[in-house]
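Just below is one structure, and these are the notes that go with it.
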Amino acid sequence: MEMSDVTRAIAAATSVAASLGLPADDAVVLHNSNKLALRLTPCDVFARVAPVGQEVAQFEVELAQRLAEVGCPVCPLEPRTDPGVYTRDGFAVTLWTYYEPVTPHVSPVDYAKALERLHAGMREVDMASPRFTDRIADAEKVVANRGLSPELADADRVFLGGRLGSLRRAIEERGAVEQLLHGEPHPGNVLSTKNGPLFIDFETCCRGPVEFDLAHVPEAVCEHYPNVDHGLLDECRQLVLAMVAAWRWELGDEFPNGRLFGEEFLRLLREGPPWPTLDAVTRRLDGLENSPKVT
């Protein structure tokens, strides 16, 4: 979000909390992209805020409740209020339990076990959700429409559109078992708590093979997840790189240093295997961006 929107979003979240009897004199920004993640104090509430119409907050709230009921490792909603989506000044606000981060961070073994438990619980939850191919279609629209991606070069547009289409076909032709997935269980959506790893952000849930979720996690996590189809995992990793590349070229994308990421993902797709994990690319590019500049 732009800083002007951040200020309004914080005001909306603190107003909602106060109206529910939760003292919120201050807010710490934990993450800012298309959604804002806040720690409200002194009530110690984790708030997620997004412009109304640009979120699926009600779906996320209902799914989180259902997953918690079947014992999944998910961040629970704030217990001092009724679960729901609160709107204020054009923003949708949801309130969750805040957990103080603990160290060391989640180990690959614990991460894999938590993801396996999440997937097992998701197989017990019957909720209508999009298929992973809908995510591909969204990326294809960005690539195909110059109005949505005006800075994407013609050659890159043809290459990326072709790769998205070929990967969709290759994955579907494998006929793998599909189930409800998190959609983006990368490290940024895993809380390290004294209760173990907990998953957050269920707006991206979709149906697909578990390898689609595994394509978002570190390599060491995949090594501890049972019965992985590594050929399918490779295709899903390519797919994730291609989809993220498309979104980084989208007009209005608010991801920090998005153009740098868009260019690098295109380079990696052209370079070929071995396919890097999303977190490895992100760590490397963040390191380059934050390293001292030589002039």
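As a check on your grasp of the helix formula, calculate [θ] at 222 nm for the chain: sum -39500 (n - 2.57) over DSSP H runs of n ≥ 4, divide by the residue count, round to the nearest 500.
Value at 222 nm, helices only: -14500 deg cm²/dmol.
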Using alpha-carbon coordinates, inclination of helix 108-122 to the longest axis of the chain, degrees: 80 degrees
For region 254-277 and region 11-29, what is the centre-to-centre distance using only Cα atoms, to the nearest Å? 38 Å
Is the shape of region 1-129 rounded, prolate or oblate, going by the alpha carbon gyration tensor and its root eigenvalues a ≥ b ≥ c, with a/c under 1.5 for rounded and a/b larger than b/c for prolate? prolate
With axes computed from alpha carbons, what is the tilt in degrees of helix 3-19 against the longest principal axis of the chain, rounded to the nearest 10 within 0 to 90? 40 degrees
Which three extents, in whole angstrom, do the alpha-carbon atoms of the chain cover along their principal axes, largest first? 54, 46, 39
When all Cα-Cα pair distances of region 155-211 are considered, the percent exceeding 18 Å is 55 percent
Could you grab the Rg to Rh ratio for region 168-252? Cα atoms only, Kirkwood for Rh. 0.98
What is the ratio of the Cα radius of gyration of region 101-142 to 2.2 N^0.38 Å, where N is its residue count, to two decimals? 1.71
Taking only the alpha-carbon positions of region 107-219 and ignoring solvent, what does the Debye formula give for the base-10 log of I(q)/I(0) at q = 0.19 Å⁻¹? -1.03
Gyration tensor on Cα atoms of region 113-168, a ≥ b ≥ c root eigenvalues, a/c under 1.5 rounded, else prolate if a/b beats b/c, else oblate, says prolate
Give the carbon-plus-sulfur fraction of the accessible surface of the chain in %, rounded to a whole number; probe 1.4 Å, heavy atoms of protein chains only. 52 percent
Accessible area of region 132-288 divided out per residue, in Å², using a probe of 1.4 angstrom: 42 Å²
Under the Karplus curve 6.51 cos²θ - 1.76 cosθ + 1.60, θ = phi - 60°, whole-Hz ³J(HN,Hα) for region 156-170, x wherever Gly or Pro sits: 5, 5, 5, 4, 5, x, x, 5, 4, x, 5, 6, 4, 5, 4
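The values are calculated or read from the model by the stated rules, or taken from the named source; none is laboratory data. Model, not experiment: these values are computed from the prediction. Note: areas computed on protein heavy atoms with side chains; ligands, DNA, RNA excluded. Shrake-Rupley method; radii C 1.70, N 1.55, O 1.52, S 1.80 Å.
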